[in-house]
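Q: Here it is, the structure in full.
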Amino acid sequence: MDVSLPREVNVAATGGIYRFGAGQNGNEFLTRGWGEPENGFVWSEGKYGVVTLPAVPGRCSLAISLWGYVPAGAPAQELLIFVNGKLKTFSKVHEKIIIAIEDTATEAETLEIQFYMPQAISPKQAEQLKDARVLGIALVTIVAEQN
């Protein structure tokens, strides 16, 4: 499955491409629940993470590129995504995917995207590794497009 996204960055009023990771334009929109940006992504830390983007006027679609932290022997990371408090999708993720959220409307000045990972766990607890961070998902990119 090809999960590549466009390279150009456009954060105009009609939407935008927000990339996450060391030195990327999306990092300023990481509101809470995220670790230090790494090379090409950022891990959620804890069971809850929030990204707050400028609102897209009218209706919009979102494409969210991510993968889940899945310890050895576990089938997938459960993920619920809310937009401005409304549940939009439930997914079970393990490998890198793009989750599409169609036809999102907001009258607010921002799009608050909440990620809830009830099975987030630390590699230390799950696999006896040194990393004690509680990991849920690795966020790569969010594309917001006006409909």
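We did not get these values from a lab; they are worked out from the coordinates using the rules stated. Fair warning: this is a prediction, and the values are worked out from it, not measured in the lab.
Q: For the chain, what does the relative contact order come out to in percent, with C-alpha contacts under 8 Å and a separation of six or more?
A: 32 percent
Q: Between the stretch 89-131 and the stretch 33-51, how far is it from one alpha carbon centroid to the other, in angstrom?
A: Centre-to-centre (Cα) distance: 10 Å.
Q: Sticking with this structure for a sec: Multiply the residue gap between Asn147 and Ala132 by 0.36 nm, knock off their C-alpha separation, and tell me the result in nm, one decimal place.
A: My answer for the length gained is 1.3 nm.
Q: If you don't mind, another one. For percent of Cα pairs over 26 Å apart, pick the label among (1) 21; (2) 16; (3) 30 that corresponds to the value derived from the coordinates.
A: Label (1) holds the value from this structure.
Q: Then there's this: Given the DSSP H assignment, sum -39500 (n - 2.57) over each helix run of at least 4 residues in the chain and divide by its residue total; what's the result at 222 nm in deg cm²/dmol, nearest 500?
A: -500 deg cm²/dmol
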